[in-house]
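Below: the structure, in structure tokens.
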Amino acid sequence: MRMRLLLGLIAASLSAEAGAGEKLRILPERIVLQGARASQQLVALLVSADGSEREVTSETSWQLQQPNLVRWLAPARLGAAASGSTMLTATWRGQKAQVPVTIRLGGEGANPTFSREILRILTKRGCNTSACHGGVKGRGGFKLSASGLYPEEDYEWILQGGGYQVLTPEVKGERIPRVDLANPERSLLLTKPTLTVAHGGGKRLEPDSEDYRTMLAWVRAGAPFGDASRPAPAVMKLTFTPPLVVLPEGGERQLLVTAHFDNGQQEDFTHQVIYSPNDPDIVSVSPDGRIRAQSRGETAIVVRAAGWVGSVIAGVTGPRLPRYPHTPRANFIDQHVFSKLERFQILPSELSSDSEFLRRVCLDLTGALPPPERVREFLSSRDPNKREKLIDALIGSPEFVDYWTWRFADVFRVAIFTNGLSSKWSQSYWEWIRDWVEKDLPYDQVARERIASQGYEPASRHFLPYNQIGPPADVMAEEVRVFLGRRLDCAQCHNHPYENWSQDQFWGMAAFFSRLFRVGAVVFDHPTNMDLSTKDVGGSLELLHPRTKQPVKPVVFDRTPLAVTADGNPRRVLAEWMTRHPYFAEAAVNRIWGYFFGRGIVDPVDDFRSTNPPTHPELLAALAKDFADHGYRLRHLMRTIVRSRTYQLSYRPNETNRRDVWNYSRALARALDAEVLLDAVVDVTGIPETFATAVSEGASVGEAPRGTRAVQLRDPDTFYSRFLELYGRASRGAVPERNAKPNLSQALHILAGSTYVDRLQAPGSRLESLLRAGASDEKIVEEFYLAALARYPEPEERREVLELIAKRGNRQAALGEFVWALLSSREFAENH
């Protein structure tokens with residue numbers, strides 16, 4: 001009896017440790033070792049019924065049916081030994097799991113090659129990072145491409161040495177080879193990283209390591225690049241398991257990195273990459289890919305392999321909630337956002353109040369505050385569909401057209417100085433934008449019209465900064481940034497030191513813009529310093545590479561063949577390719593998302609790169625697909641966003657989401673842009689702004705029509721406004737990047753500036769009209785709360801304000817001070 005009781009207690013204990021319904025799982029679920037040097041990192045997981053996982057790799061025992069086929073490189077890492085197939089069994093406290101293992105030897109030479117083994121070692125050891133020899137000019141007279149992106153160039157530098165020059169192919173200085181074929185052990189490629197000789201980068205390699213032996217064997221074999229008849233497969237992408245790493249405080253997780261090659265093969269790269277967390281205070285990563293939680297938060301881990309750079313998001317959560325409540329979903333946006341919140345154990349805030357939603361959506365869709373009578377009507381309505389009806393009404397309003405014309409006039413840079421120094425041209429360009437916004441034309445059509453515009457078409461005016469044709473390099477970089485969300489500028493003079501962009505790719509794209517001022521024969525011998533008046537238009541139509549001085553043909557960066565004719569408009573072909581590329585829809589939805597949430601899924605919105613991954617990659621892909629499926633219509637995209645519960649969450653935090661700024665668990669306060677804030681002040685006070693075309697000795701020279709709103713101003717270079725300058729109006733001299741941070745000048749303007757002070761009791765103002773109509777203090781307070789904040793004052797607020805007004809003595813002055821305080825508040829100056 002006692003024995004049976006004891007066994008029962010032991011069984012219960014083991015069951016409790018495993019957890020009810022937990023099952024053992026092995027990753028990867030199928031193992032293929034291709035080649036004698038292939039290996040595979042193993043991971044053992046316990047998966048619960050709700051899908052949550054915990055790793056038990058270090059506590060798991062492993063057994064192979066045919067152990068002679070593999071060699072154990074570490075307790076949970078396999079290496080190839082002989083061709084064949086077998087089964088791998090994992091055992092954890094009585095639970096078992098199995099996966100098939102296939103080993104295929106052959107297909108690779110006996111000796112290591114540069115294009116395969118050596119590049120991987122240089123990358124894994126950090127030799128070709130931008131901080132070392134992978135920098136623009138290399139280091140210590142030795143240059144490598146960043147992350148081994150250009151193997152042929154690296155091979156030449158290693159065999160011949162020499163310094164790198166940015167805009168010339170000439171090599172200056174003594175060329176010191178990094179390999180010594182006569183005395184392989186004396187090769188600088190081996191003596192420097194082992195610190196046998198002085199090395200500024202410190203010790204990178206141990207003489208008894210496998211990597212050292214591989215490199216030495218390579219030099220002894222004559223330092224071959226590889227079989228020219230059988231080029232080494234190129235890495236096309238890296239995938240990560242898990243794709244999103246979620247750890248409790250103090251937790252650990254093994255990351256698996258899989259390389260996918262252009263020949264269809266896959267290979268475990270977990271031990272062949274270098275890991276760099278963007279914020280090491282949140283997580284640390286060991287050289288073998290083991291992630292350790294340091295503190296709560298979320299960050300990206302950049303993973304660099306030979307020939308590729310990728311990244312994975314890792315987050316550290318607080319204590320697991322006993323029961324995570326279900327949150328209603330309005331559409332697919334909520335499904336993606338709330339699923340991630342549940343994984344991170346973050347509770348979304350409650351649904352926003354009607355007043356909160358009303359003010360937010362009016363500002364976001366039309367850039368205008370709702371008038372008090374509209375606020376009263378909406379708050380008193382019992383219609384369960386009133387939010388959807390409001391959204392449709394706003395999207396169909398003239399104010400929507402005004403607001404989004406202004407938004408895209410910013411992005412597309414409508415201004416006299418950037419549109420040929422002609423008000424007529426900037427006016428036609430602005431009207432072109434307003435026309436497609438009003439008609440809700442497909443955004444891919446808009447992009448094609450702008451990129452391929454020619455002659456005196458309105459969109460062609462943006463090619464004429466200061467009435468000069470822009471250099472092809474500058475024009476191309478702007479189009480790619482606006483429509484593909486990528487910043488290629490760093491590759492103009494040299495290969496990009498951090499990303500997978502080469503100088504050749506940059507100039508191949510720039511060549512599409514070499515015919516901007518004439519479809520015919522032109523030579524650009526120095527594209528960054530063109531003198532259009534001296535070009536030989538009877539010569540050949542060529543753009544010359546600034547480093548090689550050789551003609552550059554138009555080539556898109558993914559090498560897709562395009563039919564560019566000698567006498568056609570190459571930008572038309574490029575525009576078709578750009579709008580079909582997946583980057584286009586991603587960049588468009590990310591930019592629009594940023595307007596509604598204060599940050600993009602990739603942020604900044606036009607800075608997609610491997611070191612700046614999306615916080616919600618599946619959501620970004622789903623939005624892009626939905627956008628394309630609905631004809632690239634911006635109104636459909638905006639309607640989808642604002643109808644989501646994610647958008648309609650309250651700004652009020654709870655204990656779990658107070659520190660969250662990445663995951664849209666609540667609305668974040670966003671400072672109103674300068675034009676929107678000025679229009680809001682005008683709406684609340686009732687006094688329109690005067691926009692002068694110039695100011696001379698205190699006198700205005702020309703004015704915009706009375707009642708013109710700031711968002712209706714066509715050109716920031718035409719109308720002067722001290723307020724707009726103080727609050728960060730974009731100049732449009734380049735793609736705008738607004739700065740919403742408060743400053744001292746703004747504070748002084750609130751205290752004494754005409755925008756606030758002179759409007760308070762001016763004739764015809766809202767306050768003056770209410771006083772003249774005999775409104776009570778309570779009525780006036782309520783009216784201004786509705787006008788400025790789209791809500792009624794709370795009982796305590798109402799009581800305190802009325803008491804302060806009564807104590808002041810001078811009623812009119814007291815009410816003016818109340819209005820000033822309301823306009824000066826953060827609640828008014830922000831959208832939340």
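The values are calculated or read from the model by the stated rules, or taken from the named source; none is laboratory data. For clarity, every value in this text was computed on a predicted model and none was experimentally measured. Glycine also receives a Cβ, built like all others from the backbone with ideal geometry; neighbour counts cover every protein chain displayed. Note: areas computed on protein heavy atoms with side chains; ligands, DNA, RNA excluded. Shrake-Rupley method; radii C 1.70, N 1.55, O 1.52, S 1.80 Å.
Miscellaneous remarks
- Amide H contacts for Ser83 (H built 1.01 Å from N in the peptide plane; partners 5 or more residues away or on another chain; cut-off under 5 Å): Leu105.
- Dipole magnitude of the stretch 638-766, debye to nearest 20 (Cβ charges: Lys/Arg +1, Asp/Glu -1, about Cα centre): 780 debye
- Counting Lys and Arg as +1 and Asp and Glu as -1 over every other residue whose Cβ lies under 11 Å from the Cβ of Val285, the net charge comes to +1.
- Centroid-to-centroid separation of the stretch 18-59 and the stretch 379-409 [C-alpha atoms, Å]: 50 Å
- Using the Cβ-Cβ distance between Leu105 and Asp288 with R0 set to 25 Å, the FRET efficiency from 1/(1 + (r/R0)^6) comes to roughly 0.55.
- The H on the amide N of Ser311, modeled in the peptide plane, is under 5 Å from the matching H of Val303, each at least 5 residues off or on a different chain.
- Inter-label distance, nm, simple model (7 Å from Cα along the C-beta direction), Ala813/Gln468: 5.8 nm
- When you restrict to C-alpha pairs under 8 Å that are six or more residues apart and normalise by the size of the chain, the relative contact order lands at 10 percent.
- Cβ-placed point charges (K, R +1; D, E -1), dipole of the stretch 114-220 about Cα centre in debye, nearest 20: 260 debye
- Centroid-to-centroid separation of the stretch 611-669 and the stretch 79-132 [C-alpha atoms, Å]: 39 Å
- Of the residues Gly307, Ala293, Val273, the one whose Cα sits farthest toward the positive end of the charge dipole of the stretch 269-341, with +1 on the Cβ of Lys and Arg and -1 on the Cβ of Asp and Glu, is Ala293.
- Linear extension gain, Glu373 paired with Asp489, 0.36 nm per residue minus alpha-carbon span: 36.7 nm
- When the Cα positions of Ala762, Ala740, Val676 are compared along the charge dipole of the stretch 676-789, Ala740 comes out farthest toward the positive end, with charges on each C-beta of Lys, Arg, Asp and Glu.
- Relative to the longest principal axis of the Cα atoms of the chain, helix 582-597 runs at roughly 50 degrees.
- Rounded tilt (10° steps) of 811-824 against the dominant C-alpha axis of the chain: 20 degrees
- Probe 1.4 Å, protein heavy atoms only - accessible area per residue of the stretch 717-823 in square angstrom: 52 Å²
- Simple label model, 7 Å out from Cα along Cβ direction - Ser825 to Glu59, nm: 5.4 nm
- Descending semi-axes in Å of the chain, equivalent ellipsoid built from Cα gyration tensor: 55, 40, 22
- Here the label points at Tyr456 and Arg633, each 7 Å from Cα along the C-beta direction, are separated by 3.5 nm in the simple model.
- Under the convention that each Lys and Arg Cβ holds +1 and each Asp and Glu Cβ holds -1, the size of the dipole of the chain around its Cα centre is about 1760 debye.
- Estimated FRET transfer efficiency when R0 is 56 angstrom, pair Tyr792-Lys23 (beta carbons, to 0.05): 0.50
- Förster radius 60 Å - calculated FRET efficiency between Ala692 and Phe332 (Cβ-Cβ, nearest 0.05): 0.80
- Counting only alpha carbon atoms, the long axis of helix 354-366 and the longest principal axis of the chain meet at about 80°.
- Distance between the C-alpha centres of the stretch 484-500 and the stretch 184-237: 28 Å, rounded to the whole angstrom.
- Cβ-based net charge around Phe114, under 12 Å, with every Lys or Arg adding one and every Asp or Glu removing one: -3
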